[in-house]
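Structure, as structure tokens:
The values are calculated or read from the model by the stated rules, or taken from the named source; none is laboratory data. Remember, it's a predicted structure, so these values are computed and weren't measured experimentally. A quick note on method: Cβ atoms are made from the backbone with ideal geometry, for glycine too, and the neighbour counts reach across all protein chains shown. Note: accessible area is taken over every heavy atom of the protein model, side chains too, but ligands, DNA and RNA are not part of it. Shrake-Rupley method; radii C 1.70, N 1.55, O 1.52, S 1.80 Å.
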Amino acid sequence: MFTRADIRRVSIAVTTDDYGALMVSLGRSRLVHLEKKVYDVDAEKSMPAVNPLPAAAMGTAEKIVETAERFISEAGESLRKLTRSVEIFSSIHSFFDRDSESDLREAERTGRKIAQYNKIRSSILREKNILEQKIEEISRMQTRGIDLEPLRQLRFVSYIYSKNHDAGLPVPLDSRIFTLRATGYSLLLFPRELEQNLPGVMRATGNGGLDYITGQGNTADAESAAVTARLKELERRLDRIDSFYKKFLPRWIERMEYLGTVYSIMLAIRAAEQGILFSGKIAVINGWIDLRDEKKLESLLKGVCSGGYYIKTASRLESMRLRYRMPVLLRNSRFLRPFELLVKMMGVPGNSEVDPTPAAAAAYLLIFGVMFGDLGQGLVLAFTGLLLIRYGSKKYGGRNSVSDAGGILAWCGFSSAVFGILYGSVFSSEHIIPALLFHPMEQMMQLLLMAVMAGALFIFLGLLLNVVNSIMAYRYAESFFGLRGLPGVAVYGLFMFFAGRFILFDHPPRLGQLAAAFAVPAAVFCLRGPLEYFLFRGSHPFHDGLFAYVVETLIGIMEIFSGFLGSTVSYIRAGAFALSHAGLGIAVFTLAGIVDPSLTGPGALAVIITGNIFIILLEGLVCGIQSMRLEFYEFFGKFFTGDGIEFVPFSFGLKGVKDGGGK
């Protein structure tokens, strides 16, 4: 439960001919955490004879990747349906000898195909829409018995056939205008001398003419037949381009996936080269590996390196000499693993400190449970967390932050359910089950005292962990004589002892007892400088001078007593939020009782359900934030440094791509 992976330093030497293939294999296998930079400043570094991606081609490679990603994104749903996990690495060396400029031209050409398809399709649909409206108007004309072609033959009379605007027709200019009206349409006949002004007035009022419905010399029947034929032709064109698009889209996606993947790999290799040494025909790769994967790495090297290789895995002692550069891979149980997410918010545990994940899980669950104790609401949170785990696993696969957050939420829900049983609370009601401990609103002082006692235990644990971490980091003086070392542990332990004796047995400590008990740890802290100087060969008993030492000591003594007391009292907020949670539940049932005193009617049930949803959302969020605040600031702040480097094996982040080697 408290173990972490046994990470060892590994050095690999291969010929530059095998270098590219090895980097691809390492990226696929995800076994080695590569060094981010070269630490041997005297080592000769030169570019290998065969580099997968010359520096000059990096800009081109980035454009290819960007174009491919944009194309696949524009493909939308099609990508998710068509992508299949098929091997692209059957011939690793083959895609190192690519012409990047030619690939860029191909990617840009392919990238324009979706836009071209959408443009042509939109144009066809636009024309189709216009023609369909035209068919509708012709049908209405035929229904009313109107044919515009005979009217066009009149020599002295002009006409306007229009669709009426909501405002209606304008007031006629004179009595010579004859108007024939139907629902939504009008036919105006008038002398030709009026045709220069009247159409403009009609358009200005939204009554545009529909003379375009039938072409010059066409009857309504002839125009309808011509439009219908054109619509059929457009449908055929639309079917053809849709069929073409559906046929070639998988090939385009396959090809763009291939190009994007290949150049993403090359860019990743190029970025990793800052930590790789090149000398002549030899490439030296330094990194870190989980000792359990050592055999897998050797097997990989045998299969890839035709020109031979050299590998050296350092011993535990040799690796620990570089512990400040050694990455950390936490290996907690399945129950604790989600809580690594909380720990990593504060940093990665270093190699000189204890993994705080178990303590973090216990503290967070206990504090959250105290604040949010309710059996029904807790089970709702747990069920939501389980759904979130399922969603994260299905969407992202493997372990991910969404699933970890769901795991934390599920365990918080179970903790709430346990405290709900202790409080006798089910969906804010304290009358369904008996309280195994007490009802929060009936025993407020006991609740607040319980919260403070839990906080005191966590602070004491944090001080103990700080002593252990200081010893692991060889900071012996800090561990034995420091503010948060053994003197701080002794002072806080004595404080807990005297406070507990007073609470349980009503036995207050006498002043002499307090002075005698706190004198020794206070004296050790005051003499920390000279003690370090004599016992651990310090450079000077007073590093910054005697005056600064005295001032620092006085401030430290004040912090030992006042700071620890403040941190302890801070945990009273856990009890306060538990009271707030119980108070909201009482308010919900009070409102429900006003609506229906029997609490069985639909109105009362609606209030109870709505109120519980509100409490789960609001109090769940607030209690989660406050639990995190107490854990990070009051608990982690006592011992956690978080200056470690996370073990991140070199990889390309590929999910599943097709071998698109052929165009």
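Legend: residue pairs LYS134/LYS232; LYS36/LYS312; LYS281/LYS312; LYS113/LYS395; LYS344/LYS638, Cα-Cα distance threshold 24 Å; pairs beyond threshold, LYS113/LYS395. The accessible surface of segment 297-406, taken with every protein chain in place and a 1.4 Å probe, is 61 percent carbon and sulfur. Amide H contacts for SER425 (H built 1.01 Å from N in the peptide plane; partners 5 or more residues away or on another chain; cut-off under 5 Å): LEU375. How many angstrom lie between the Cα centre of segment 293-315 and the Cα centre of segment 564-582? That distance is 56 Å. Seen from a random direction on average, the alpha-carbon convex hull of segment 298-399 projects onto 10.4 square nanometres.
Taking a Cβ cut-off of under 14 Å around SER567, the surrounding Lys, Arg, Asp and Glu residues balance to a net charge of +1, with basic ones at +1 and acidic ones at -1.
Solvent exposure of segment 371-453, expressed per residue, is 51 Å² of accessible area, with all protein chains present and a 1.4 angstrom probe. Computed on protein heavy atoms with a 1.4 Å probe, the accessible areas place ASP221, ASP293, ASP374 in the order ASP221, ASP293, ASP374, largest first. A probe of 1.4 angstrom, applied to the heavy atoms of all protein chains, finds LYS395 with accessible area near 120 square angstrom. The relative contact order of segment 406-565, computed from alpha carbon pairs under 8 Å that lie at least 6 residues apart in sequence, is 13 percent.
Among residues other than LYS296 with Cβ under 14 Å from its Cβ, the summed charge is +2 (Lys and Arg +1, Asp and Glu -1). Per-residue accessible area (protein heavy atoms, 1.4 Å probe) orders LYS247, LYS302, LYS312, LYS128 as LYS302, LYS247, LYS312, LYS128, starting from the largest. The distance from the alpha carbon centre of segment 320-346 to that of segment 521-550 is 34 Å, rounded to a whole number. When all protein chains stay in place and ligands, DNA and RNA are ignored, the 1.4 Å accessible-area order of MET345, MET326, largest first, is MET345, MET326.
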